[in-house]
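Structure first, then comments.
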Amino acid sequence: MTTNPYALSVTAVRADGRGNVSSYSRNIPANYHGVVTVAADVRDGTSFKLNFNATTLHYFDIAGRITY
């Protein structure tokens, strides 16, 4: 993460809508600049998206890099 002014949680969710890829959400503190593993040991070819949930009423941009 390179920009996240508020704490948030991230969950990996199957793109076909059949549930979560992982059984937990990762909490990311505000202004965290490290690497976060959201889902590991995901079967090759599994399409998933990341759901970001922040405990704020403010809209903000999230920027970062995706590595796989």
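The values are calculated or read from the model by the stated rules, or taken from the named source; none is laboratory data. Here the structure is a predicted model, which is why all the values come from computation and not from measurement. Backbone-built Cβ (ideal geometry, glycine too); neighbour counts: all protein chains shown. Heads up: the accessible areas ignore ligands, DNA and RNA and are worked out on the full protein's heavy atoms, side chains in. Shrake-Rupley method; radii C 1.70, N 1.55, O 1.52, S 1.80 Å.
Applying the condition of being of a type outside the set (A, V, I, L, M, F, W, C), in contact with a strand residue (DSSP E or B) (Cβ under 9 Å, 6 or more places away or on another chain) and not in a strand (DSSP E or B) to segment 35-51 and asking which residue is least open to solvent (accessible area, probe 1.4 Å) yields Thr46. Name every residue in segment 1-17 that is outside any loop (DSSP other than H, G, I, E, B), open to solvent by less than 50 Å² (accessible area, probe 1.4 Å) and in contact (Cβ under 8 Å) with a residue 40 or more places away in the chain, in order of residue number. Residues satisfying the conditions are Leu8, Ser9, Val10, Thr11. Restricting attention to segment 55-67, does a residue exist that is of a type in the set (Phe, Trp, Tyr), modelled with pLDDT of 80 or more and out of contact with any helix residue (DSSP H, G or I) (no Cβ under 9 Å at 6 or more places or on another chain)? No: zero hits. The number of residues in segment 18-33 that are in a strand (DSSP E or B) and not polar (S, T, N, Q) comes to 2.
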